[in-house]
Amino acid sequence: MKFADIAKRTLACFLALIMLFSFASCAPSAPDNGENSQEGENSGNEEEETPLYTEEELAKFAEYAVRNAERALVISQATIDMYVDSTYKRTSVVKLAESCSISRTGKKSATGTASVWHYTSFMAMASRMLAITEGSDQSYYAKLYPNIYSSIKYYEGKGSVTTYNGTSSVSMYAVNRASSEGGANISGVLAVYDDQMWIIREMIYVYNLTGQEKFLEEAVRLTDICLDGWDTTEDGKGNEIGGICWGPGYSTKHTCSNAPIIVALVDLYDIYTALGDSEKAAYYLEWAEKVYAFCIKYFMMSNGIYGDLVGSSRVEEGSGKNKHYVTTSQSTGLDQSAYTYNTGAMIAGGAALYRATGEQKYYTQTRKSVRNVTKFFANSNVVDGYDLWPTGRIWFDLILLEGVLEFYDSDPEDCIKVINSFQNWLDYGYDNYLDDGFLPNNFLKGWDTKNEKDTSKDVMDQTSCATIYAELSDFYARISSGN
């Protein structure tokens, strides 16, 4: 697929969106939280609600939907061309490079082998492209994705894993790729729970997109493994300490090894509710609330932003299958290093729980976080009128955006400010610095190879640019059509 082919679909996509677009529609309003409630007898005297967006704004959003899809396609195809090993055409096995080196003359070459974390970001990019493309482009991703999914088996391995519940043989995804399917090493610190969680989220997304049972089955299997990592040790008062360690080989508990699974657990609640299995639905919702409560207790800072980790000490007890961990001390001292993806994962979890339960505490906490993310993370002093989001790893920022998108229907007025900020930020980089489908690390300042800042492009940053555009395309298409 060539970049020149992209333009051919522009007019058709735009006309299709305009046909869907209704100027009489209005975007979802903020939920009624009891502050402005009125008695039913007065409802007949209420004035008609003012639409959240003007007709001009909705028309602009419809244009965004089309343009974002085009830009996502440009970047995703550049990603595939650069990072996927050339043997794919012959073997259908997807082997992904971790980065590409960029010389001062702009020449690019793939280097290294992607970790499973990098690989999962590539899976997510491809599935989002499958969701927003049509015609030959969609056919391309529909053929590519099954090969991406089957090739993740090179990261899978089996081994004995000890948790707080005992020791058993499990199959997990390892950090590093093996030379053969199922041959990855998951011992010690070579497999972590947060990697499984990102895969769970991807599997649920693709299940909801395609309806294929294998994706749901894999999501459930990995969810059970992650929940088995929960600390069941009781403190001196008989209360469960809780929390999931970074991995079976770690004792520290991180926001990233807990928060990402919350929205997935609520999604499983939704799925099993729709399937009529109320027992499974209730089970996953209960776990979502329990993990969320642990994160609030240990990781949340006063401004609604989340820190990184808390320490924990543990010992092994028992033997054989009964060998298990017991926590001897649980720190409450939070490493306050703040990353956008940790806060984004909690926003997504809180948004999902509010949607599922209607409980005010989830709305209040999530709204506080959304209202503070720009102030805390973004720099508005680089280019007038634009926010510069952290440039350490763009994938982190993608997860923040996904959280805000999850909360949009509950709080559109606050969320749209963050969403539009992301749109403008990425557009500035694309309009000014796009180079053969690649963007620099800093969208507002541009390429910097002289100071060694843009000499290597991590595949996660590249996939994230495409995924942000794809998810924004889907979002703007939805709200511009009144859905």
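Things to note:
- Restricting attention to the range 47-80, the residues being in contact with a Cys (Cβ under 9 Å, 6 or more places away or on another chain), aliphatic (A, V, I, L, M) and farther than 26 Å from Ser139 by Cα number 2.
- When Lys368, Lys375 are checked against the criterion of being in contact (Cβ under 8 Å) with a residue 60 or more places away in the chain and open to solvent by 10 Å² or more (accessible area, probe 1.4 Å), Lys368 stands alone in meeting it.
- Cβ-Cβ under 8 Å pairs, at least 6 apart or on other chains, the range 268-283 side free of Cβ contacts under 8 Å to residues at least 12 places away in the same chain, far side surrounded by 13 or more Cβ atoms within 10 Å (Cβ to Cβ) and part of a helix (DSSP H, G or I): Thr273/Ala281; Ser278/Tyr272
- First in the range 89-113 and assigned to a loop (DSSP other than H, G, I, E, B), second anywhere and at pLDDT below 95, Cβ under 6 Å, 6 or more apart: Arg104/Thr449
- All positions within the range 291-308 that are open to solvent by 30 Å² or more (accessible area, probe 1.4 Å) and in contact with a Phe, Trp or Tyr (Cβ under 8 Å, 6 or more places away or on another chain): Met300, Asn303
- Among the residues making up the range 339-362, those that are of a type outside the set (A, V, I, L, M) and open to solvent by 10 Å² or more (accessible area, probe 1.4 Å) are Tyr339, Tyr341, Tyr354, Arg355, Thr357, Gly358, Glu359, Gln360, Lys361.
- Subset of the range 156-182 [small (Gly, Ala, Ser), within 16 Å of His324 (Cβ to Cβ) and open to solvent by less than 60 Å² (accessible area, probe 1.4 Å)]: Gly166, Ser168
- Breaking point among (1) of a type outside the set (D, E, K, R); (2) open to solvent by less than 50 Å² (accessible area, probe 1.4 Å); (3) more than 15 Å from Gly392 (Cα to Cα); (4) not in a helix (DSSP H, G or I), for Asn483: (2)
- Condition broken by Gly349, with the remaining ones in (1) over 13 Å from the mean Cα position of the chain (by Cα); (2) part of a helix (DSSP H, G or I) satisfied: (1)
- Residues that are free of Cβ contacts under 8 Å to residues at least 12 places away in the same chain, outside any helix (DSSP H, G or I), open to solvent by 50 Å² or more (accessible area, probe 1.4 Å) and out of contact with any helix residue (DSSP H, G or I) (no Cβ under 6 Å at 6 or more places or on another chain) do not occur anywhere in the range 130-151.
- Scanning the range 127-167 for residues that are hydrophobic (A, V, I, L, M, F, W, C) and over 16 Å from Met203 (Cβ atoms) gives Met129, Ile132, Ala142, Leu144, Val161.
- Subset tally (residues that are open to solvent by less than 40 Å² (accessible area, probe 1.4 Å), outside any helix (DSSP H, G or I) and more than 26 Å from His118 (Cβ to Cβ)) for the range 378-424: 5
- Residue check for Tyr205: more than 30 Å from Tyr250 (Cβ to Cβ) and open to solvent by 50 Å² or more (accessible area, probe 1.4 Å): no
- Sole exception among (1) touching a helix residue (DSSP H, G or I) at 6+ places or on another chain (Cβ under 8 Å); (2) open to solvent by 20 Å² or more (accessible area, probe 1.4 Å); (3) free of Cβ contacts under 8 Å to residues at least 40 places away in the same chain; (4) in a helix (DSSP H, G or I) for Lys214, by number: (1)
The values are calculated or read from the model by the stated rules, or taken from the named source; none is laboratory data. Please read all numbers here as calculations on a predicted model, not as lab measurements. Note that each Cβ is placed from the backbone with ideal geometry, even for glycine, and that neighbours are counted across all protein chains shown. What goes into the accessible areas is simple: the full protein's heavy atoms, side chains included, and nothing from ligands, DNA or RNA. Shrake-Rupley method; radii C 1.70, N 1.55, O 1.52, S 1.80 Å.
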